[in-house]
Amino acid sequence: MKDARFDTRAVHAGDAPDPHTGALDPPVVLASAYAFDDAADAAAQFEGTRPGHIYTRWRNPTVRAFEQKVAALEGAEDCVALASGMAAVHAALLATLSAGDHVVAAESLYAETGRLLRGTLARFGVVTTFVDATDPAAIEAALRDETRVVYLETPANPTLAITDVAEVARRCGGRTIIVDSTFATPYHQTLLDRGAHLVVHSATKGLCGHGDAVGGVVVGDAERVRRVREEGVRTAGGALSPLNAMLLARGVRTLSVRMERASRSAAELARRLQGDPRVARVHYPGLTDHPGHAIAADQMRNGFGALLAFEVEGGRAAGARCYDAVELVSRAVSLGDVRTLMTHAASTTHASWTAEQRATAGIADGLMRLSVGIEDVEDLWADLDRALSSASSG
């Protein structure tokens, strides 16, 4: 598959006809344990000198097929799948950090990742400095001798801020760069070739695409991924269920066609919202006046993604009215679904942050995050138009 183009890899990588039945889809293997041939075989598998599965918390054939598919799309040596996106983030950080280490992280990122850095890891002696990651010089200035990890999201959640990963890598002197690329998916960007060492996805989102399975992945070189697997799957037990692995792999097969449609619609909606007097500001890297547009145009491909955010004129109260008025658009967290989903960040995904933390990250009280699905764009616009009228009417 390494010589095949992206769309072909999305369909075929990791899959092969089952040798026993000829089934084109990998079987869903629900076994918890696997038989050994003899004592020597068991010992060799535990030593790692002979391939095998041993126990599904460690490795499962259905999960492994999904991992190989994602690794092929990312151009990675290996991939480990975990029970959720946050399990993936947690494992990537724990596999890399020790007490006393320092992290430089983006100010604008998923709220639970921020809580992990500010709370759980801080309790164990890991210090994090949050900076404006759109400015690589600010990241470089925050580095210390004990800095072990630079943690980024691009595009960032929920502000769609863009970070120049190659420039950050150039300035960071070999520190481990971990990037959450969930918003883009591998269809729009692959960042290992830009200098990232580990790339994280909430596979629940665009990779799955149908809102029916939860999972996470970490991709990178084989040794780093091995450490993440040991930390997150074998030791912490964050194993992905085989049924979810099957659903996620099925979703990846249609990744290209879904993202092509959704990102085209997102670009059109962003354009219309930008010219609407009921909207104070639109965040979408495909807009030429977006601060990160030039970087995104170089770093991303096939468009600029299916996520956008917009700030309703009138602040939080107007945002709530807009949120309440949508009918076709679903009021829900998550993203990357075939359905269009909208959330009010200040009262949902980032409600656990203080008002000061949200303001520092550029999350306005009236900011609405829109994950565009594959519905007809005219129907989506009619729904947003009605909701904005409701918001502006008071």
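FYI, it's all coordinate maths here, none of it is from the lab. Bear in mind that the values here come from a model prediction, so they are computed numbers and not experimental data. Note that each Cβ is placed from the backbone with ideal geometry, even for glycine, and that neighbours are counted across all protein chains shown.
Worth pointing out:
- Order by protection proxy (mean Cβ within 10 Å, highest first), peptides 197-205, 326-334: 197-205, 326-334
- Cα centroid separation - the range 129-163 against the range 82-109, whole Å: 13
- Residue-averaged 222 nm ellipticity for the chain, from DSSP H runs of 4+ at -39500 (n - 2.57), nearest 500: -10500 deg cm²/dmol
- Packing rank of 18-30, 269-281, where each peptide gets the mean count of other beta carbons within 10 Å, highest leading: 269-281, 18-30
- D298/R115 FRET efficiency (R0 35 Å; Cβ-Cβ; nearest 0.05): 0.65
- Potential extension, D289-D193 segment - 0.36 nm per residue separation minus Cα distance: 31.9 nm
- Sorted on the mean count of surrounding Cβ atoms within 10 Å across their residues, most packed first, peptides 368-378, 285-295, 97-107 read 368-378, 97-107, 285-295.
- Net dipole in debye of the chain [+1 Lys, Arg Cβ; -1 Asp, Glu Cβ; about Cα centre; nearest 20]: 340
- Euclidean distance of C-alpha centroids, the range 191-220 and the range 331-374, integer Å: 19
- Each residue of the range 53-64 was assigned a 3J(HN,Hα) from its phi angle through the Karplus curve 6.51 cos²θ - 1.76 cosθ + 1.60 (θ = phi - 60°); the sequence is 10, 6, 7, 5, 5, 8, 6, 9, x, 5, 5, 5 Hz, with glycine and proline shown as x.
- Calculated P(r) tail over 36 Å for the chain, as whole % of Cα pairs: 24
- Dividing the C-alpha radius of gyration of the range 253-394 by 2.2 N^0.38 Å, with N its residue count, gives 1.00.
- Of all DSSP beta bridges in the chain, antiparallel share, percent nearest 5: 55
- In order along the range 327-339, the phi-based Karplus estimate (6.51 cos²θ - 1.76 cosθ + 1.60, θ = phi - 60°) of 3J(HN,Hα) comes to 10, 6, 5, 8, 7, 7, 7, 6, 6, x, 7, 5, 8 Hz; Gly and Pro are listed as x.
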